[in-house]
1. With the Cα gyration tensor of the chain in hand, convert its eigenvalues to equivalent ellipsoid semi-axes via √(5λ) and list them largest first in whole Å.
2. Relative to the Cα centre, what is the charge dipole magnitude of the stretch 18-120, using +1 at the beta carbon of each Lys and Arg, -1 at the beta carbon of each Asp and Glu, and rounding to the nearest 20 debye?
3. Can you give the accessible area per residue of the chain, in Å², using a 1.4 Å probe?
4. So how tilted is helix 18-29 from the main axis of the chain? Cα-based, degrees 0 to 90, rounded to 10.
5. For Lys23, Lys49, give the ranking by accessible area with the largest first, probe 1.4 Å.
6. Less than 16 Å from a label point 7 Å out along the Cα-to-Cβ axis of Tyr93: which backbone N atoms in the stretch 102-123 qualify, by residue?
7. 7 Å from Cα along Cα→Cβ at both Glu30 and Gln50: what's the point-to-point distance in nm?
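The values are calculated or read from the model by the stated rules, or taken from the named source; none is laboratory data. Predicted model only: the values in this text are computed from it and were never measured. Methodologically, a virtual Cβ is constructed for each residue, glycine included, from the backbone with ideal geometry; neighbour enumeration extends over all protein chains shown. The protein model used for the area step is the full one, side chains on, heavy atoms only, and it has no ligands, DNA or RNA in it. Shrake-Rupley method; radii C 1.70, N 1.55, O 1.52, S 1.80 Å.
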Amino acid sequence: MKAGASKKPVRRKYEPTEEPCKKIVKKRSEGKCEICGIRPGQSVHHRRKQSQGGPWTPSNCLHLCGDGRGPDGCHGMVTNTRTQYYQYGFLVYSGESWINKPVLYRGELVVLDDEGAWTPSLDFGQEAA
Ligand SMILES: [Zn+2]
């Protein structure tokens, strides 16, 4: 029995965009969860999953409370793939683009860009022209 060998290391492809993306997203969030706006941001969530081609870009990522590995916080909440989380833009289907797809950002529908800014969206549920 090896001590401390209970967890297998997670193998992940190195993405050069990961660090710059996290930096922009954390600056945008000012350290607070981008869904509830109350608890500290602890982890970065992909709206469209990495396994479904979702990139490390600020428009595809949200800084959320919860560590993203368990059920805690908003990150734990949105990983339950409920229909309303897709409607709120917290999750994006594999065939769908996250770009210009509104997200319910601290109670306000917004469109995220890749520079760390957002604009209010009044077009919920519609494709941007
Ligand atoms: Zn939260």
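1. Semi-axes (√(5λ), whole Å): 26, 16, 15.
2. In total the dipole reaches around 180 debye.
3. 65 Å²
4. 60 degrees
5. Correct descending sequence by accessible area is Lys23, Lys49.
6. 102
7. Taking the two extended label points, one gets 2.9 nm.
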